[in-house]
Amino acid sequence: MGKTTGFLDYRRLDNPMESPQKRITSFQEFHRALSAEKRMEQGARCMNCGVPFCQSAYGCPLHNLIPEWNDEIFAGNWSHALSRLLKINSFPEFTGRVCPALCENACICGMDDLHNAVTIRENELFVSEYAWANGLIKPEIPAVRTGKHVAVVGSGPSGLAVSDLLNRRGHSVTVYERDDTPGGLLMYGIPAMKLDKKVVARRIEKMKAEGITFLCSTEVGKDISASRILKQYDAVVLCCGARQTREVAHVDSSVPGVFPALEYLTESTKAVLEGRESTRNASGRHVLVIGNGDTATDCVATAVRQGAKSVHQLVRKPRPVEGTRVWPYRPTGEKTAYGQEEAAALYGSDPRLYETTVQELLTDEAGALRAARIRQGETEAEVPADMVLIAAGFSGAENNIAQVFGVSRDEKGRIGASDCTTENPKLFACGDVRRGPSLVVWAIAEGRACAHEVDRYLEGYTYL
Ligand SMILES: Cc1cc2nc3c(=O)[nH]c(=O)nc-3n(C[C@H](O)[C@H](O)[C@H](O)COP(=O)(O)OP(=O)(O)OC[C@H]3O[C@@H](n4cnc5c(N)ncnc54)[C@H](O)[C@@H]3O)c2cc1C
Ligand code: SF4
């Protein structure tokens with residue numbers, strides 16, 4: 001422990017944010033970094049607990065070596081901090097931006113008040129960005145190749161994590177990606193204001209320089225058959241996500257103006273990157289977002305930035321109430337994320353309508369969507385809606401992928417066992433496709449665990 005009184009001497013200081021009014025004028029990230037000196041103080045707040053719950057099963061799914069790198073941060077030993085960070089976390093630049101910081105819920109500094117927890121996520125981000133900016137993260141090309149070839153289907157965080165470790169081990173990795181660019185939901189899904197796409201591209205360039213091949217715009221099962229891939233490679237890993245959109249009663253997705261959230265968010269990001277208007281533009285429209293969670297929040301925030309006339313968000317469940325605080329925390333109560341904050345700042349009220357469902361979508365004489373009849377408890381009402389975004393979650397792996405690989409899906413639509421194996425010994429699965437819709441940090445953890453299994457299968461042992 002570098003500074004024994006750090007947690008008493010310094011208060012938690014979060015990265016400053018642009019105001020909602022300012023940040024909605026662009027799709028750029030809106031958190032600003034602290035100075036190195038201030039960040040060192042935040043590192044000093046870590047008490048280096050004998051039992052660091054933050055890195056245990058109660059906290060970070062990756063089991064990041066948090067107290068170790070916090071100590072190095074306090075000392076300003078940035079390269080040491082980085083080496084401890086990269087030992088466990090393949091992509092701290094992603095988790096440092098979008099992780100909900102499960103570690104902070106388990107931080108002992110936050111035992112009485114969660115707002116006193118160490119700024120673990122932002123400390124992680126600072127180390128990572130310092131390293132990228134100062135050339136500490138460079139391509140590391142494996143010295144020896146094993147002669148074994150692995151295909152990875154899907155390039156989201158789980159696909160990238162499994163590819164990264166297997167390539168370091170010397171296996172030759174080819175990633176098949178249906179989208180035109182690698183990254184999965186990091187690229188198309190999570191909007192640019194949460195995760196700048198240059199950050200994703202920077203990582204992919206490094207992985208390419210290390211010898212990983214990315215074959216984009218190639219859908220396995222359509223552009224190349226599953227049987228060919230299984231024959232051609234020594235092992236195959238499914239990392240195709242859980243993208244089967246959940247249906248919403250009374251909402252016909254074929255009605256013009258109704259879009260699945262992912263289609264809307266993907267097109268919006270492509271438009272931002274290409275500097276053109278989105279073909280699914282909310283500008284001047286009354287937008288109805290159906291669902292709760294990250295995806296719904298990102299739809300609200302995107303619609304606000306596109307200049308929607310109004311945004312309502314329908315949430316089926318009741319407004320969460322503050323529960324008893326039991327440490328390590330699973331935060332209870334209503335969470336107002338950046339999108340709701342922005343909508344409230346712009347339109348004057350929180351966009352969420354709780355315990356509310358759609359009864360019917362209403363069209364005008366010309367057949368154009370104009371409103372939705374909604375039910376809130378026993379009351380029915382009409383809200384204007386000429387754009388409806390379905391963000392009610394995902395129900396597991398897409399239907400065809402299990403079929404083409406001849407493996408089963410469980411009752412939740414997931415593929416693979418807890419050790420990432422499947423019925424076919426050379427086929428593995430990890431990330432959302434195995435776990436169900438989850439988080440970036442879990443996808444990375446799964447990808448790393450899966451790499452161990454694949455390596456063991458290929459070599460008979462693993463030291464990864
Ligand atoms: C809108 C949105 C916002 C989110 N925000 C957050 C957040 O803030 N923080 C957080 O921690 N998590 C967030 N998540 C969840 C997180 O993004 C996912 O848990 C994570 O990306 C899962 O990673 P993955 O690698 O398993 O799958 P994905 O990221 O879904 O990647 C799967 C990839 O497989 C490709 N693919 C699928 N089928 C094929 C095929 N047949 N052939 C070739 N390629 C194929 C897809 O094109 C895709 O690129 C969010 C999710 C969404 C939808
Ligand atoms: S990956 Fe997430 S949970 Fe783990 S240390 Fe980083 S912010 Fe915390």
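When only residues in region 98-121 that are within 12 Å of ligand 1 (Cβ to nearest atom) and not in a helix (DSSP H, G or I) count, which is surrounded by the most Cβ atoms within 10 Å (Cβ to Cβ)? It comes out as Cys99.
Only residues that are more than 11 Å from ligand 2 (Cβ to nearest atom), within 19 Å of Leu439 (Cβ to Cβ) and among the aliphatic types (A, V, I, L, M) were counted in region 53-73, giving 1. When you look at Arg319, is it touching a residue at least 12 places away in the same chain (Cβ under 8 Å), assigned to a loop (DSSP other than H, G, I, E, B) and away from ligand 2 (no atom under 16 Å from the Cβ), yes or no? For Arg319, the condition - touching a residue at least 12 places away in the same chain (Cβ under 8 Å), assigned to a loop (DSSP other than H, G, I, E, B) and away from ligand 2 (no atom under 16 Å from the Cβ) - is met. Within region 153-163, not a single residue is more than 28 Å from Asp455 (Cα to Cα), part of a loop (DSSP other than H, G, I, E, B), of a type outside the set (Ser, Thr, Tyr) and within 13 Å of ligand 1 (Cβ to nearest atom).
Every test in (1) farther than 25 Å from Val255 by Cβ; (2) within 11 Å of ligand 1 (Cβ to nearest atom); (3) at pLDDT 95 or above; (4) not hydroxyl-bearing (Ser, Thr, Tyr) is passed by Asp419 save one, and that test is (2).
Quick grid of which residues meet (1) within 16 Å of ligand 2 (Cβ to nearest atom); (2) farther than 15 Å from Ser158 by Cβ; (3) not hydrophobic (A, V, I, L, M, F, W, C):
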position: Ser172; (1), (2), (3): no, yes, yes
position: Leu186; (1), (2), (3): yes, no, no
position: Ile190; (1), (2), (3): yes, no, no
position: Met207; (1), (2), (3): no, no, no
position: Glu210; (1), (2), (3): no, yes, yes
position: Asp252; (1), (2), (3): no, yes, yes
position: Leu262; (1), (2), (3): no, yes, no
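Let's see how each residue does on (1) in contact with a Lys or Arg (Cβ under 6 Å, 6 or more places away or on another chain); (2) closer than 30 Å to Ala337 by Cβ; (3) within 14 Å of ligand 1 (Cβ to nearest atom):
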residue	(1), (2), (3)
Thr174	no, no, yes
Met193	no, yes, yes
Arg203	no, yes, yes
Lys208	no, no, no
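Filter region 301-343 for residues that are of a type in the set (S, T, N, Q) and loosely packed, with under 14 Cβ neighbours inside 10 Å; which is nearest to Tyr264 (Cα to Cα)? The selected residue is Thr336. Within region 1-53, can you find the residues that are part of a helix (DSSP H, G or I) and charged (D, E, K, R)? Correct list: Asp9, Lys22, Arg23, Glu37, Lys38, Arg39, Glu41. With respect to (1) surrounded by fewer than 20 Cβ atoms within 10 Å (Cβ to Cβ); (2) polar (S, T, N, Q); (3) within 9 Å of ligand 2 (Cβ to nearest atom), the lone exception for Ser83 is condition (3). Please indicate, with yes or no, whether at least one residue in region 88-97 is under 30 Å from Tyr188 (Cα atoms), assigned to a loop (DSSP other than H, G, I, E, B), among the aromatic types (Phe, Trp, Tyr) and within 16 Å of ligand 1 (Cβ to nearest atom). For region 88-97, residues under 30 Å from Tyr188 (Cα atoms), assigned to a loop (DSSP other than H, G, I, E, B), among the aromatic types (Phe, Trp, Tyr) and within 16 Å of ligand 1 (Cβ to nearest atom): present.
Only one of the numbered conditions (1) in the same structural domain as Ala429 (by TED's automatic domain parsing); (2) farther than 30 Å from Tyr461 by Cα; (3) in contact with a Gly (Cβ under 7 Å, 6 or more places away or on another chain); (4) of a type in the set (S, T, N, Q) is not met by Ser155, and that is (2). In this structure, Gln376 does satisfy being polar (S, T, N, Q), under 26 Å from Asp294 (Cα atoms) and without any contact (Cβ under 8 Å) to a residue 24 or more places away in the chain.
The residues on offer are Val272, Val200, and the sole one that is outside any loop (DSSP other than H, G, I, E, B), farther than 26 Å from Thr357 by Cβ and in contact with a helix residue (DSSP H, G or I) (Cβ under 7 Å, 6 or more places away or on another chain) is Val200.
Among the criteria (1) out of contact with any strand residue (DSSP E or B) (no Cβ under 7 Å at 6 or more places or on another chain); (2) under 25 Å from Phe259 (Cβ atoms), the one Ile374 does not fulfil is (1).
Evaluate region 125-146: report whether one residue or more is touching a Ser or Thr at 6+ places or on another chain (Cβ under 6 Å) and β-branched (Val, Ile, Thr). No, every residue in region 125-146 fails to be touching a Ser or Thr at 6+ places or on another chain (Cβ under 6 Å) and β-branched (Val, Ile, Thr). Applying a threshold of 7 Å to beta carbon distances and a minimum spacing of six or more residues, or different chains, the list of pairs starting in region 444-458 at a residue that is outside the structural domain of Ala235 (by TED's automatic domain parsing) and ending at one that is away from ligand 1 (no atom under 13 Å from the Cβ) and among the aromatic types (Phe, Trp, Tyr) is empty. Give the number of residues within region 1-29 that are of a type in the set (A, V, I, L, M), touching an Asp or Glu at 6+ places or on another chain (Cβ under 8 Å) and at pLDDT 95 or above. Total meeting the criteria: 2.
The values are calculated or read from the model by the stated rules, or taken from the named source; none is laboratory data. Just so it is clear, the structure is predicted and the values come from calculations on it, not from any experiment. Quick reminder, even Gly has a Cβ in these numbers, built from the backbone with ideal geometry, and neighbours come from all protein chains shown.
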